[in-house]
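Chemist: I'd like to ask you about the structure that follows.
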Amino acid sequence: LDEIPVGLRARDEVYGKPILSIGANNHFKVDRKFARNLGTVAAENFPNYHRRIYMHKIVSVYFIEAMRRAYEVCPDWQPKRIGCFNPRRMRHSRSPKVPFSDHTYGIAFDIDSKTNRAWSPNRPRPFETGWYKYSDIPEVVVKCFTSVGFDWGGYWNYCDPMHFSLRKPGK
């Protein structure tokens with residue numbers, strides 16, 4: 001990428017529009033043309049992770065590099081579950097007014113959702129005393145992902161330490 005997209009409009013321009021239609025029960029039909037942008041990142045790319053990851057092909061290059069850096073500085077880090085492509089609205093809302101999640105585009109992923117819970121701002125800030133009660137992702141791993149352009153949900157007001165996205169917040 002020449003530039004990481006900022007905001008929702010730039011996200012559509014860079015990655016494409018994934019949803020063809022929305023049917024009954026808020027069921028999303030993914031556009032076939034958009035689906036060609038998605039691919040599988042093989043587990044063989046990572047020494048301590050053993051599952052394929054389905055994501056946008058543009059993002060996969062950044063993801064592989066971030067994981068390479070993470071294993072270089074933190075060789076014992078062993079993520080158990082990384083989830084990426086998941087057609088839905090932000091925060092699993094059913095409201096048509098809520099934008100689509102970056103997971104719908106395959107440009108966001110969550111690492112170990114069971115041990116990296118989203119939480120309110122009155123809890124410890126990232127990597128302060130008490131932080132590791134809410135997240136087990138090492139700070140050096142976060143720095144590896146942000147160093148290649150990923151935005152980290154741990155820095156948001158609505159702290160979401162499992163979440164990384166190759167898009168900067170904005171309108």
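Chemist: Which entries in the list Lys57/Lys97; Lys143/Lys168; Lys114/Lys143 go over 23 Å, if you measure between the two C-alpha atoms of each?
Modeler: Long pairs (Cα-Cα over 23 Å): Lys57/Lys97.
Chemist: Follow-up. With each pseudo-label sitting 7 Å past Cα toward Cβ, what's the Arg94-Ala42 distance in nm, one decimal?
Modeler: Placing both labels 7 Å beyond Cα along the Cβ direction yields 4.2 nm.
Chemist: Check cross-link reach from Lys33 to the aspartates and glutamates: straight Cα distance under 15 Å, and skip same-chain residues fewer than eight apart.
Modeler: Asp12, Glu13
Chemist: Counting only other residues whose beta carbon sits under 15 Å from that of Glu44, what net charge do I get with K and R as +1, D and E as -1?
Modeler: Computed value for this residue: +3.
Chemist: Using 0.36 nm per residue, how much length does the chain from Ile19 to Arg81 gain when fully extended, once their Cα-Cα distance is taken away?
Modeler: 19.8 nm
Chemist: Say R0 is 30 Å: what FRET efficiency, to the nearest 0.05, do His50 and Asn26 get from their beta-carbon distance?
Modeler: 0.35
Chemist: Using modelled amide H (1.01 Å from N, peptide plane; none on Pro or chain starts), what sits under 5 Å from the amide H of Arg88, excluding residues fewer than 5 places away?
Modeler: Under 5 Å from the amide H of Arg88: Ser101, Thr104.
Chemist: Here is a follow-up. Averaged per residue, what accessible surface does the stretch 1-100 expose to a 1.4 Å probe, in Å²?
Modeler: Accessible surface, normalised per residue, equals 65 Å².
Chemist: Please arrange Ile19, Ile82, Ile64 by accessible surface area, largest first, computed with a 1.4 Å probe and ligands excluded.
Modeler: Ile64, Ile19, Ile82
Chemist: Pick out the long, greasy-scoring helices in the chain: whole DSSP H runs spanning 20 Å or more along their own axis by Cα, mean Kyte-Doolittle at least -1.0.
Modeler: The qualifying helices are 57-73.
Chemist: DSSP loop trypsin sites (Lys or Arg not before Pro) in the stretch 8-84 with at most 11 other Cβ atoms within 10 Å of their Cβ, which ones?
Modeler: For trypsin sites (Lys or Arg not before Pro) across the stretch 8-84 that sit outside H, G, I, E and B with at most 11 neighbouring Cβ atoms in 10 Å, the list reads Arg36.
Chemist: Sum up the charges of everything whose Cβ sits under 9 Å from the Cβ of Asp112, counting Lys and Arg as +1 and Asp and Glu as -1, but leave Asp112 out.
Modeler: It works out to a net charge of +1.
Chemist: Hey, what do the phi angles of the stretch 122-132 turn into as Karplus ³J(HN,Hα) couplings, whole Hz, using 6.51/-1.76/1.60 and θ = phi - 60°, x for Gly and Pro?
Modeler: 7, 8, x, 6, x, 6, 7, 3, x, 4, 6
The values are calculated or read from the model by the stated rules, or taken from the named source; none is laboratory data. Just so it is clear, the model here is predicted, and its values are computed rather than measured. Methodologically, a virtual Cβ is constructed for each residue, glycine included, from the backbone with ideal geometry; neighbour enumeration extends over all protein chains shown. Just so you know, the surface numbers come from the protein's heavy atoms only, side chains and all, with ligands and any DNA or RNA stripped out. Shrake-Rupley method; radii C 1.70, N 1.55, O 1.52, S 1.80 Å.
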